[in-house]
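The block underneath contains the structure these notes are about, expressed in structure tokens.
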Amino acid sequence: MRPLRLAFVKPDVGVTGGLELVVDRLEAAARASGWEVARVVVDAVPPRAEVAGLDIPRAVWEAAPEYFRYLWARDRFDRLDLRRHDVVVSTQPPSFAIDHPRHVSLFYHHHRVYYDLEEPFLAAGFAPDEQVHREAGRLVRELDRPALDRVGWFLAGSEVVARRLATFDGITDASVFHAGPMVPVGGDPAPAGRRGALCVGRLEFPKRTELVVAAAHLLGDVETTVVGTGGRRAWVESLDHRLATGEIAVDELTADDLWRNTGLGAPPIDEPAPSPVSIAGRLGDSELAAAFATATCVVAPALDEDYGLTAIEAMARATPVIVCRDGGGLAELVEDGRTGLVVDPTPAAIAAAVRRLHDDPDLATELGRNGLDRAAELSWDHAADEFRDGVERVLS
């Protein structure tokens, strides 16, 4: 009897993140089950203003670039012939557009700027024309619905994601898939040698690294390290500089001033100024491990995150984690006062939480130890079982 032939289907948008690591793990689990595994990758970066062979006038394209890029990628997935595979597993949107009778969707999000992030996206000023964006969103949701209805089973990345499927699409044929830590679980929760706050993640909207930078300037004597890079790095660096020089004050800044904006037009930095913030950029694996191991706490301030691998990695290293109440999957992972702290999405609340852990090493140790236990529960063996269950559902 030949092995089950399984294909993971995903778009390539030129960015490697947590989802790619999850897919790598699941491919390994599938091979360990004796299945034949392939990865089908579609380049999702359009080389020119064209959709399905139709040239789009540049002015029209620029009026709704998210929409036309999505249509271009959607057309490519619509055309895939996957009949040689017994089961297909779609990943990021719009890979769920594939047509196959045995289709599992590893689902973490829709094209979010037309779904759960539409209002924050518009409030930040990203859309050239709000009315055009809203109409494009309506069309995208209309286009997505029949494709989503064809999916045999959804492995939702969190309870938050499962609720989005139910809210936007009326879909309940879903189970929650819990990705495990990407690092070995273990570490010393004792505060000796631990100092400062750490923030790890892409510097993009709406990761809200700016909240951590502003909080650091309220703390003053607690060093804060920001790890990551992205399109908002210049904005984050400029914000830090203006706070350091006293050009602006934290208590005068609104969410619009800090993170709910495009991050464009950051004032240039003429002369460096002393700051409690170190923006480290991208770190290698060993450097990042050392940063986790020596931090008093990790702050993960993202808005409505799909899951929250940063929180799991912090807990796996016995490092207390601070997340925001509107953090979506992040707030779902962290039990306030037991495995971390859940606070309001403001610099003052984040600073108070960091100060609390900095000044109370016994609490930091307790949260770190509990976090280790929680991370151990989220094993990849358990994740593999959840994945295999999803595959079995579409085979039965």
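The values are calculated or read from the model by the stated rules, or taken from the named source; none is laboratory data. Everything numeric in this text was worked out from a predicted model, so none of it was measured. Don't worry about glycine lacking a Cβ; one is built from the backbone with ideal geometry, like all the others, and counts go over all protein chains shown.
Select, from ALA234, ALA255, ALA266, ALA273, the only residue that is farther than 14 Å from THR209 by Cα, buried (at least 16 other Cβ atoms within 10 Å of the Cβ) and not acidic (Asp, Glu).
Exactly one residue qualifies, and that residue is ALA266.
Scanning region 162-180 for residues that are hydrophobic (A, V, I, L, M, F, W, C) and farther than 20 Å from VAL394 by Cα yields PHE168, ALA179. Just one of the listed residues (ARG74, ARG25) is over 24 Å from LEU378 (Cβ atoms), basic (Lys, Arg) and in contact (Cβ under 8 Å) with a residue 60 or more places away in the chain, namely ARG74. THR310 fulfils the conditions (1) of a type outside the set (A, V, I, L, M, F, W, C); (2) modelled with pLDDT of 95 or more; (3) surrounded by 24 or more Cβ atoms within 10 Å (Cβ to Cβ) except for a single criterion, (2). Flag set for SER286, criterion: loosely packed, with under 15 Cβ neighbours inside 10 Å, of a type in the set (S, T, N, Q) and in a helix (DSSP H, G or I).
Inspect region 74-82 for any residue being modelled with pLDDT under 95 and either among the hydroxyl-bearing types (Ser, Thr, Tyr) or surrounded by 20 or more Cβ atoms within 10 Å (Cβ to Cβ) (or both) and give the result as yes or no. No, because not a single residue in region 74-82 is modelled with pLDDT under 95 and either among the hydroxyl-bearing types (Ser, Thr, Tyr) or surrounded by 20 or more Cβ atoms within 10 Å (Cβ to Cβ) (or both). Scanning region 256-275 for residues that are closer than 20 Å to ARG202 by Cα and in contact (Cβ under 8 Å) with a residue 12 or more places away in the chain yields a total of 9.
Of all the listed residues (ALA123, ALA192, ALA174, ALA197), the sole one being more than 19 Å from the chain's Cα centre (by Cα) and free of Cβ contacts under 8 Å to residues at least 12 places away in the same chain is ALA192. Could you check region 98-141 and list, in sequence order, the residues that are of a type in the set (Asp, Glu) and within 30 Å of ALA179 (Cα to Cα)? ASP99, ASP116, GLU118, GLU119, listed by residue number. When THR319 is tested against the conditions (1) under 28 Å from LEU106 (Cα atoms); (2) not in a helix (DSSP H, G or I), the lone failure is (1). Residue check: LEU106 meets all listed conditions (1) part of a helix (DSSP H, G or I); (2) of a type outside the set (D, E, K, R); (3) touching a helix residue (DSSP H, G or I) at 6+ places or on another chain (Cβ under 8 Å); (4) over 30 Å from CYS297 (Cα atoms) but one, namely (1).
Only one entry of ILE269, ILE279, ILE248 meets the criterion of being over 22 Å from MET315 (Cα atoms) and either within 20 Å of the chain's Cα centre (by Cα) or aromatic (Phe, Trp, Tyr) (or both), and that entry is ILE279.
Residue count for region 1-18, restricted to those that are at pLDDT below 85 and either surrounded by 15 or more Cβ atoms within 10 Å (Cβ to Cβ) or among the hydroxyl-bearing types (Ser, Thr, Tyr) (or both): 2. Checked against (1) buried (at least 18 other Cβ atoms within 10 Å of the Cβ); (2) more than 25 Å from ARG164 (Cα to Cα), ARG355 passes all but a single condition, namely (1).
Look at GLU332 and say whether it is of a type in the set (D, E, K, R), in a helix (DSSP H, G or I), surrounded by fewer than 23 Cβ atoms within 10 Å (Cβ to Cβ) and more than 20 Å from the chain's Cα centre (by Cα). No. Scanning region 160-196 for residues that are among the basic types (Lys, Arg) and under 23 Å from VAL354 (Cβ atoms) yields ARG194, ARG195.
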